[in-house]
Each structure stands twice: as structure tokens, then as C-alpha cells.
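Quick notes on the structure that follows.
The values are calculated or read from the model by the stated rules, or taken from the named source; none is laboratory data. Everything numeric here is computed off the predicted structure, so don't read it as measured data. Here Cβ is always computed from backbone atoms with ideal geometry, including for glycine, and neighbour counts include all displayed protein chains.
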Amino acid sequence: MDLNLLNTILNTHSVSGFENEMREEFLNYTKEFVDSTDVDKMGNAYASIARGTDSKIYLLEAHMDEIGFQVVYIDDNGYVYIRANGSVDAQCVPGSQVDIITSSGEYINGVIGKTPIHLLNSEERGKCQEISSLWIDTGLCKDQVVNKVSLGNPVAIRPNLLYLSENVISSKSLDNKIGVFIISQVLKRLSGVNEKSLDVHGVATVQEEVGHRGAYVCESKICPDLTISIDMDFATDVPNCQKTKYGDIALGRGVVIHRSIDNDIPLTYTLEKLAKELLKKHQVSARNMPVGGTNAFVLQQSQGGNKTISLGIPCRYMHTPVEMCDINDVKSAIDLIYKYIINN
Ligand SMILES: [Zn+2]
């Protein structure tokens, strides 16, 4: 695995609707070994290996956008107000360091401020503050702020990748840069295979966090025989997480194969059989709802309908700035997808 790439993309901002830097990273990396790359009108990025004619068409999909914010108001003192793009957990927002990305691409550093606890009354102290009541303090005066910052500019949590051990990492936006990383590594491995006919298209999609919007358009471009969608999954090996409701998913126990019905269940069983033979560990989840939650349910219904498999990487603290996952689970997903495509 190319951990340099992982480190790079985890340090790259890709707020939903503003994925341009991440798109460049994905295309610049994959263009070195795939046969072609492309970008559609919505901004989804494609990296394709098409060699020979007698192969199934695979679409490997992962969304590249991350939750974040946009600027909605600048007050007379130069404080910047924001609203969320995607399901940001408001409890985790105050005290964050952020980058405002200006229209010219410059980063303006800031912190998300709030009223000190000492100045809150007892009723206010226990309450989660709405995002609209928080502000970004850039340390600059109003004139300097309005010179550079415009309404609608994206705002991202600053990069904070931390290797907690050799395998366990914490960072903002593991959801779903890990998925894009997996796709890039599968494509790289497939690109070295000569004897087999291949028709595999990796797509890093936009705007998943604001309604699965990129996924709606990518299937029609490729018309695949099978789509494999990769996203993060809720690890339940943390305090106060109901396994009776969310299943038993842990970091370090391998890739998660989903049996929710937005997946092709017979194909899921085939993949599970391969996982048993190939991997030391893998996990199975029925998910906490029959359909939805990832792009898989959109990909399944696009065009005339598609066969879809969705895979998850266990993730603790989803949609907080300190998401956590195990690189060994990432590796197991790469191994499984690669082998499945080679075998079929
Ligand atoms: Zn998400």
C-alpha cells in the first residue's frame, strides 16, 4: 500500500461541492498507471483500465467529499459565520481549527470560537450550541477578512492525521478518503496484470454527504455489470454503542461485507466465500436499516438497475474530527476486491 498517498489525501480538503483539490490528487496519482482518466460535468473523477474485450465491466465507487461548512455571513468585527455541508456533529465543532478556502484558493486559518464556559449560566452550560451561533475568528480585522473571504467559500477542518500505532490512525475525513485510497490501490495492482482482459473503472464521486448526488450520474457513464461501493462503516467496539441495534463491528477484524438489500445478496455470498478463503478475517453486517446510508442504494437504482456490492471499513467516531480506523482493515478490502475481479 502506498501510505504516502494516504497521508497526502488525508491532508487535502474536499468539502462537499468543492472537491477540486482531492480530484486532482486522485487523477494525478492514478493517471500514471491506468489507461485513461476523465471528469464528468458534476466533477466525478474516473480512472479506467480497459484491456481486452471479454471481461465484465466493473465500477469501483467511493465518494471523495468530506463534511464541512460554507461561509454565510461576515459581521462588523470580521467574525465569519458558517453553516454545515453534510451531517456535521455540532457538539464537536467549537474549538476546531479550520481553513477558509478563498475563491482564489488561498487558505485563511481560523478557529471556531464560542462563549467561555465561565460566562454561561447553568442552563446554557449543558447545551450543544447550534452551528449558526458559532463563529470563525481569523485573528484578522474586518477589512482584511472581507478582502479575502467571500460568502459561499468552503471551510474545512484543518488536517490532523495521527498515527496512534503502526496500524491505527485518527484523522478528519477518513470518511471517505479511505474509500478513494482503496480504489486507487486496487487499480494500481490491476494495472500490473497483463494476461487478463480487464474493464475496470474507479470513480471518486462528489457530494455524497449532501444527498448522494454524484452517485446518481456515474453509473450511466459506465453501464457496469457490477458496482462495488466502498465507504466507512460504524465500528461498535466503543462504549455505549448498542450491538443489538448496530451489530458487532470492530476495528482490526477486517473489511465489512454488507448484507443490506441494496446489495446483490447472491453476489455478496460469493464474495464472503472468497473472503473466507483469502483473508484471515472479515466481518459481515446486516446494517441497521434495510437500504440506504451509503451510495450503494443510489447506484443500485440508477438507469435500469444495477448489481451492487457495498463494503465498509470499520470507523470509530464517524463525522467527528477524530475518526479512527485500522490500516489492516483497509488492506483486507484492497486484497478482497482485487482478487474478486481477477477471479471473475
Ligand atoms: Zn459520511
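At a glance:
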| read-out | value |
| --- | --- |
| Region 74-89, subset away from the ligand (no atom under 16 Å from the Cβ) and of a type in the set (Ser, Thr, Tyr), residue farthest from the chain's Cα centre (by Cα) | Tyr79 |
| Number of the condition not met by Gly110 [criteria: (1) small (Gly, Ala, Ser); (2) within 16 Å of the ligand (Cβ to nearest atom); (3) in a strand (DSSP E or B)] | (2) |
| Residues (within 12 Å of the ligand (Cβ to nearest atom) and of a type in the set (Asp, Glu)) located in region 52-68 | Asp65, Glu66 |
| Residue count for region 28-63, restricted to those that are in a strand (DSSP E or B), among the hydrophobic types (A, V, I, L, M, F, W, C) and surrounded by 20 or more Cβ atoms within 10 Å (Cβ to Cβ) | 6 |
| Unique match (being more than 16 Å from the ligand (Cβ to nearest atom) and assigned by TED's automatic domain parsing to the domain that holds Lys41) among Ile230, Ile222 | Ile222 |
| Selection within region 7-27 - out of contact with any Lys or Arg (no Cβ under 8 Å at 6 or more places or on another chain) and outside any loop (DSSP other than H, G, I, E, B) | Asn7, Thr8, Val15, Asn20, Glu21, Arg23, Glu24, Glu25, Phe26, Leu27 |
| Qualifying residues in region 313-344 (those that are under 14 Å from His282 (Cβ atoms) and not in a helix (DSSP H, G or I)) - the one farthest from the ligand (Cβ to nearest atom) | Asp326 |
| Flag for Ile178 being under 21 Å from Asp335 (Cβ atoms) and within 13 Å of the ligand (Cβ to nearest atom) | yes |
| Residue match in region 287-308 (condition: of a type in the set (A, V, I, L, M), outside any helix (DSSP H, G or I) and modelled with pLDDT under 95) | yes |
